[in-house]
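Here the structure is laid out as structure tokens; the discussion comes afterwards.
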Amino acid sequence: MHTPTPAQLLQVWERGGDPSAAARALLLLGCSCDDEAAIDELAALPLGRRDARLLELRERLFGSAIEAVATCPQCTATVEATFRCDDLRLPEADTAASALEHAAHGTHVQFRLPDSRDLLALEGCGDAEAARDLLLARCVLDVRGGDQSQAPRSLPPELQAEIAGAMAQADPQADLQLAFRCPECDHEWQPLFDIARFLWQELHAWALHLLREVDTLAQAYHWAEADILALSPRRRQAYLELCAP
Ligand SMILES: [Zn+2]
């Protein structure tokens, strides 16, 4: 992994205007990946490993401290908490197996963990039921009851729920929960943390801020955008102070 340049990041932000969170996450990882041909490999990473890489990229771009804000579900107070990227990277993330087994109710199921390709495929689904059916069809590799092979869609609902639970348990990094405690009412809860959405929101704010700076410097000095983006943040800041009214 390398740290993308400001110009590369702006290109990612530009291309990610419309796509989904899954597509945006791939754009982000693609621009930090040393091998351009590896984009297919990134798309095939189980979501926990994808998220571990997004956390690493976030630390490179914006530092380790993550300030999260949530609304207390009990008293609706706004609660702020600071986490470090290291605290959010689980050790299991690198060891999550990609092919797993679950045996229950006389049925033996082989499945793999969902990845970015699955998320992209699920975007066309109209409702949660259709999405669950498609995810099972994609991720369940084999179903055997005795000597008989079965279709994933024929699995009873309780077994489908168990497989969903086994997937989450095998890839906890993909289902990351933060620990919040409300200072007003002492309520404790664990909201989900979606690094893909969080990092994209940060990138969006960063891009708008950077473009404002480019606009200011271009008006003051008549430099080209590429030249302004090539300045180090420190030098850019110095020029901004010099031309401030
Ligand atoms: Zn509260």
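Bear in mind these aren't lab numbers, they're just calculated from the coordinates by the rules spelled out. No experiment lies behind these values; they were computed from the predicted model shown. Because the Cβ atoms are built from the backbone with ideal geometry, glycine has one as well, and the counts that use them run over all protein chains shown.
Count Lys and Arg as plus one, Asp and Glu as minus one, and take only other residues whose Cβ is under 15 Å from that of residue 159; the net charge is then -2.
Between residue 120 and residue 41, the modelled label-to-label distance comes to 1.7 nm, taking each label 7 Å out from Cα in the direction of the beta carbon.
For the chain, the ratio of Cα radius of gyration to the globular rule of thumb 2.2 N^0.38 Å stands at 1.24. Extension gain, residue 215-residue 104: 0.36 nm per intervening residue step, less the Cα-Cα distance, totals 33.8 nm.
The charge dipole of the chain, taken about the Cα centre with unit charges on the Cβ atoms of Lys, Arg (+1) and Asp, Glu (-1), comes to about 380 debye, rounded to the nearest 20.
Among 207, 137, 170, which one shows the biggest mean-square fluctuation in a GNM of the chain, springs joining Cα atoms closer than 10 Å? Its mean-square fluctuation being the largest, the pick is 137. Each eigenvalue of the Cα gyration tensor of the stretch 98-170, multiplied by 5 and square-rooted, gives one semi-axis; in descending order these are 20, 13, 11 Å. Ordering 64, 149 from the fewest to the most neighbouring beta carbons within 10 Å gives 149, 64. Taken one residue at a time, the phi angles of the stretch 183-200 give Karplus couplings (6.51, -1.76, 1.60, θ = phi - 60°) of x, 7, 10, 6, 5, 10, 8, 10, x, 5, 10, 9, 4, 4, 5, 4, 5, 5 Hz. Gly and Pro are set to x.
Lys and Arg at +1, Asp and Glu at -1: add these up for the other residues within a Cβ distance under 15 Å of residue 101 and post the number.
Working: positive: 112, 144; negative: 142, 162, 171.
Overall, the nearby charge balance is -1.
Less than 5 angstrom separates the built amide H of residue 142 from those of 110, all sequence-distant by 5 or more or on a different chain.
For residue 65, neighbours were defined as the other residues whose beta-carbon sits under 13 Å from its Cβ, and their charges (Lys and Arg +1, Asp and Glu -1) total -4. Dividing the mean sequence gap of close Cα pairs (under 8 Å, 6+ apart) by how many residues the stretch 98-170 holds gives a relative contact order of 31 percent. At an R0 of 30 angstrom, the distance between the Cβ atoms of residue 70 and residue 15 translates into a FRET efficiency of 0.50. Each 10 Å bin from 0 upward holds the following percent of the Cα-Cα pairs of the stretch 99-230: 10, 26, 22, 17, 14, 8, 3, 0. Projecting the Cα atoms of 145, 104, 124 onto the charge dipole of the stretch 96-167, computed from C-beta unit charges around the Cα centre, puts 145 farthest toward the positive end. Can you give me the angle between helix 233-242 and the longest principal axis of the chain, using Cα atoms only, in degrees from 0 to 90, rounded to the nearest 10? Computed tilt is about 40 degrees.
Per-residue Cβ neighbour counts within 10 Å put 167, 1 in the sequence 1, 167, beginning with the fewest. Mean-square fluctuations from a GNM of the chain, with a 10 angstrom spring cutoff on Cα atoms, peak among 11, 148, 177 at 148.
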